[in-house]
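Peer 1: My structure is below; once you've seen it, I'll send some questions.
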Amino acid sequence: MTGPATVGQTRLSWNLPGDLHQLVAYHFMVNAFEVGTVTAVVAGAIGWFMVLRRQSFAGHTLAVVAFPGAAGAIWLGLNAAVGYFGFAAGAALVFAALPRSPSGKGFSEESAVIGTVQAMALAAGFLFVSLYRGFLDSLTGLLFGSFLGVTDGQVLLVALVGLASLAALGLMARPLFFATVDEDVARARGVPVRLLSTVFLLVLGLAAAEVSQVTGSLLVFALLVMPAAAAQQVTARPGWSFTLTVLLSLVVTWLGLAAAYFSIYPVGFFVTTFGFATYLLAVGSRGLLARRGRQVRGPLVVAG
Amino acid sequence: MTHSRQPDPVVAFAGAAVRLGNRTIWSDVDLEVPAGEFVAVLGPNGVGKSTLIKAALGVVSLSAGQVRVLGEPPGGASRRIGYLPQRRSFEPGLRVRGLDVVRLGLDGDRWGIPLPLLARRSARGREKETRLAEVLDLVDASRYAGRPIGELSGGEQQRLLIAQALVRRPELLLLDEPLDSLDLPNQGAVAALISRICREEDVTVLLVAHDVNPILPYLDRVVYVAQGGVLAGPPAEVITSQTLSRLYDTPIEVLETSEGRLVVVGQPDAAATHAGHHHR
């Protein structure tokens with residue numbers, strides 16, 4: 001057992017209870033797990049819809065826009081989380097106001113606009129970090145993730161925003177699914193397609209800002225895309241793939257935080273690597289299942 | 001088809017006009033669709049056939065005149081209408097089952113989270129499952145409804161979408177080019193299916209098409225949209241060489257086969273008219 005005298009010395013003992021005890025021995029690590037858990041659930045749930053809606057590019061851009069928000073907040077001496085949420089939510093509302101092509105789906109028409117915004121956001125964030133001249137590693141932390149120094153206030157803010165996002169998503173889950181899969185019919189049935197799209201972008205912005213605080217702005221896809229993409233490969237049943245997405249997201253986050261704690265390498269790398277491994281496994285297993293399914297089902301289809 | 005009594009028409013346009021931007025799509029449209037009939041809206045591409053459907057749905061508003069659908073202003077009776085928009089097929093990568101797309105027709109506009117496991121235990125939930133199975137059976141799609149919709153063929157997708165439009169037992173079906181992008185055998189099969197639904201389920205059908213031949217044997221009435229107005233009547237009156245040539249402004253012949261079927265020849269096909277309207 002490590003005592004208080006050996007603070008900072010963390011070594012994987014391969015003794016599960018002992019290692020788990022080490023993981024929560026420090027308050028900053030408890031905070032990191034709390035933020036990570038909330039973030040994983042929010043990112044999984046919202047990422048599932050984002051992948052289905054083909055809005056990954058918008059999601060990534062919202063996270064990148066959060067970066068100058070956070071850097072600017074630190075420079076001004078504010079809580080970084082305030083900057084993350086404020087900038088991402090603002091950008092989401094701007095995207096929602098962009099005129100959409102009549103055929104409607106996605107951001108193919110506006111991709112140049114969104115790309116332009118993304119580059120400018122990165123440049124502005126870089127400027128703020130330079131102005132601050134603070135910790136040398138704050139730039140890497142903002143871009144690629146860091147779990148050190150999560151304050152109690154930040155935990156509370158992340159939890160509140162996360163709960164609000166999930167509540168909004170829960171309220172609109174079914175009509176949003178309808179509008180995503182079958183926009184024209186949904187509109188004819190009186191589903192407020194445009195309003196749902198705006199609220200979803202806002203919730204997506206908040207989710208991207210949350211994930212940014214764990215994986216960094218550049219690696220948000222690790223939690224927003226990878227679990228959802230993997231789960232949707234495994235099953236086409238919406239309920240199951242949604243549940244699986246949230247579970248994968250949680251496992252990937254917890255493992256990533258633990259691995260980063262016991263090693264000298266950054267958390268963003270681990271979360272992303274575990275997410276990527278999950279995705280490869282999902283694609284591989286789908287390929288195997290499809291091949292077996294063809295062998296089993298082949299004659300039946302001919303007979304039917 | 002003659003009706004002894006005259007019930008209110010299911011769709012009624014009176015002096016209707018639509019302007020999109022500063023272009024008048026059509027004007028002075030008077031049109032009545034009687035209950036229980038299978039009616040086709042025909043005409044070259046780009047004349048506003050889909051706009052006619054969208055005006056009935058209330059998605060596009062009229063610039064003049066009025067339209068009533070099932071006795072209500074457009075949009076008021078949306079729960080009693082089944083709508084199949086002009087399609088776009090689903091992306092091959094869309095990992096959602098055909099069954100789920102059909103289910104959205106049943107309850108997709110309700111707020112909240114779908115909880116299928118809980119719903120199946122309630123009487124209403126079981127009723128819904130029964131209706132789903134019934135409607136999938138009706139369009140002969142039960143065999144593949146459990147597969148991801150993106151992986152299905154155009155004909156299979158179209159049957160599932162017709163099931164989605166039908167699942168809430170609508171009184172009116174609005175179908176926008178349901179035979180588009182289907183191969184010939186599937187065009188015939190889906191046309192026969194729609195006609196069967198119209199008769200057996202007692203649903204009024206208003207269908208948009210640019211090729212009349214696959215549906216001609218089943219129609220009660222045709223509506224031709226051309227040159228900013230419409231012309232409606234029974235097929236035998238409207239589908240004549242003279243009328244069609246005038247409407248399309250190009251020579252068209254209507255021939256009668258030995259079995260008494262009408263066939264329209266020389267009708268500008270989709271590709272040709274599409275090119276002709278490209279300058280817009």
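Peer 1: Just one of the numbered conditions (1) touching a residue at least 24 places away in the same chain (Cβ under 8 Å); (2) at positive phi; (3) not aromatic (F, W, Y) is not true of A:G190; which one?
Peer 2: (1)
Peer 1: Does A:V211 satisfy the condition of being in a loop (DSSP other than H, G, I, E, B), at pLDDT below 95 and over 30 Å from B:V69 (Cα atoms)?
Peer 2: Considered against the rule, which asks whether it is in a loop (DSSP other than H, G, I, E, B), at pLDDT below 95 and over 30 Å from B:V69 (Cα atoms), A:V211 comes out as no.
Peer 1: Does B:A192 count as under 19 Å from B:R261 (Cβ atoms), of a type in the set (A, V, I, L, M, F, W, C), surrounded by fewer than 18 Cβ atoms within 10 Å (Cβ to Cβ) and more than 14 Å from every other protein chain (Cβ to nearest Cβ)?
Peer 2: It is true that B:A192 is under 19 Å from B:R261 (Cβ atoms), of a type in the set (A, V, I, L, M, F, W, C), surrounded by fewer than 18 Cβ atoms within 10 Å (Cβ to Cβ) and more than 14 Å from every other protein chain (Cβ to nearest Cβ).
Peer 1: Shifting gears a bit: Spot the failing condition for B:R169; the list is (1) closer than 26 Å to B:V11 by Cα; (2) in contact with a Phe, Trp or Tyr (Cβ under 8 Å, 6 or more places away or on another chain), and only one is missed.
Peer 2: Result: B:R169 fails condition (2) only.
Peer 1: Residues that are β-branched (V, I, T) and touching a residue at least 60 places away in the same chain (Cβ under 8 Å): does region B:54-65 have at least one?
Peer 2: The answer is no; no qualifying residue exists.
Peer 1: Still on this structure, please answer the following. Across region B:75-108, what is the total count of residues that are within 7 Å of chain A (Cβ to nearest Cβ), over 19 Å from A:L171 (Cα atoms), of a type in the set (A, V, I, L, M) and not in a loop (DSSP other than H, G, I, E, B)?
Peer 2: Matching residues across region B:75-108 total 1.
Peer 1: Among the residues of region B:203-223, what is the count of those that are acidic (D, E) and either modelled with pLDDT under 90 or in a strand (DSSP E or B) (or both)?
Peer 2: Residues in region B:203-223 being acidic (D, E) and either modelled with pLDDT under 90 or in a strand (DSSP E or B) (or both): 1 in total.
Peer 1: Right, next: When you scan region B:130-149, do you find a residue that is under 18 Å from A:F178 (Cβ atoms), more than 8 Å from chain A (Cβ to nearest Cβ) and within 17 Å of the chain's Cα centre (by Cα), even just one?
Peer 2: No, region B:130-149 contains no residue that is under 18 Å from A:F178 (Cβ atoms), more than 8 Å from chain A (Cβ to nearest Cβ) and within 17 Å of the chain's Cα centre (by Cα).
Peer 1: Let me ask something else. Taking the stated definitions as given, is B:S78 of a type in the set (S, T, N, Q), crowded, with 18+ Cβ neighbours inside 10 Å and at pLDDT below 90?
Peer 2: So B:S78 fits the description; yes.
Peer 1: Can you say whether B:T51 is surrounded by fewer than 19 Cβ atoms within 10 Å (Cβ to Cβ) and touching a Ser or Thr at 6+ places or on another chain (Cβ under 9 Å), as far as the supplied structure shows?
Peer 2: Taking the combined requirement at face value, the residue does not satisfy it.
Peer 1: Further, regarding this structure: Condition first: more than 14 Å from chain B (Cβ to nearest Cβ) and among the hydroxyl-bearing types (S, T, Y). Now tell me which residues in region A:189-239 satisfy that.
Peer 2: A:S197, A:T198, A:S212, A:T215, A:S217 - these are the residues of region A:189-239 that are more than 14 Å from chain B (Cβ to nearest Cβ) and among the hydroxyl-bearing types (S, T, Y).
Peer 1: Among the residues of region A:1-20, which ones are of a type in the set (A, V, I, L, M, F, W, C) and modelled with pLDDT of 55 or more?
Peer 2: Matches in region A:1-20: A:L12, A:W14, A:L16, A:L20.
Peer 1: Something else now. Filter region A:157-191 down to the residues that are crowded, with 20+ Cβ neighbours inside 10 Å and assigned to a loop (DSSP other than H, G, I, E, B), then identify the one that is modelled with the highest pLDDT.
Peer 2: A:V191
Peer 1: While we're on this one: Determine whether region B:109-117 contains at least one residue that is under 29 Å from B:S153 (Cα atoms) and more than 10 Å from every other protein chain (Cβ to nearest Cβ).
Peer 2: Scanning region B:109-117, I find no residue that is under 29 Å from B:S153 (Cα atoms) and more than 10 Å from every other protein chain (Cβ to nearest Cβ), so the answer is no.
Peer 1: Kindly indicate which of B:L182, B:L172, B:L160 is of a type outside the set (S, T, Y) and over 18 Å from B:P92 (Cα atoms).
Peer 2: B:L172
Peer 1: Given the conditions (1) touching a Leu at 6+ places or on another chain (Cβ under 7 Å); (2) buried (at least 16 other Cβ atoms within 10 Å of the Cβ), report the number of the one that B:G112 does not fulfil.
Peer 2: With respect to (1) touching a Leu at 6+ places or on another chain (Cβ under 7 Å); (2) buried (at least 16 other Cβ atoms within 10 Å of the Cβ), B:G112 is out only on (2).
Peer 1: If you don't mind, another one. Write out, first by first residue and then by second, each pair whose Cβ atoms fall under 8 Å of each other, whose residues are 6+ apart or on separate chains, and whose first residue, in region B:124-153, is among the hydroxyl-bearing types (S, T, Y) while the second is surrounded by 14 or more Cβ atoms within 10 Å (Cβ to Cβ).
Peer 2: From residues that are among the hydroxyl-bearing types (S, T, Y), the pairs are B:S142/B:L136; B:Y144/B:G98; B:Y144/B:L152; B:Y144/B:E156.
Peer 1: Please enumerate the residues belonging to region B:59-74 that are within 17 Å of the chain's Cα centre (by Cα) and more than 8 Å from chain A (Cβ to nearest Cβ).
Peer 2: The answer is B:V60, B:V69, B:L70, B:P74.
Peer 1: In region A:163-188, which residues are at the interface with chain B (Cβ under 7 Å from one of its Cβ atoms) and of a type in the set (S, T, N, Q)?
Peer 2: Result: no residue meets the conditions.
The values are calculated or read from the model by the stated rules, or taken from the named source; none is laboratory data. This is a predicted model, so every value here is computed, not measured. Methodologically, a virtual Cβ is constructed for each residue, glycine included, from the backbone with ideal geometry; neighbour enumeration extends over all protein chains shown.
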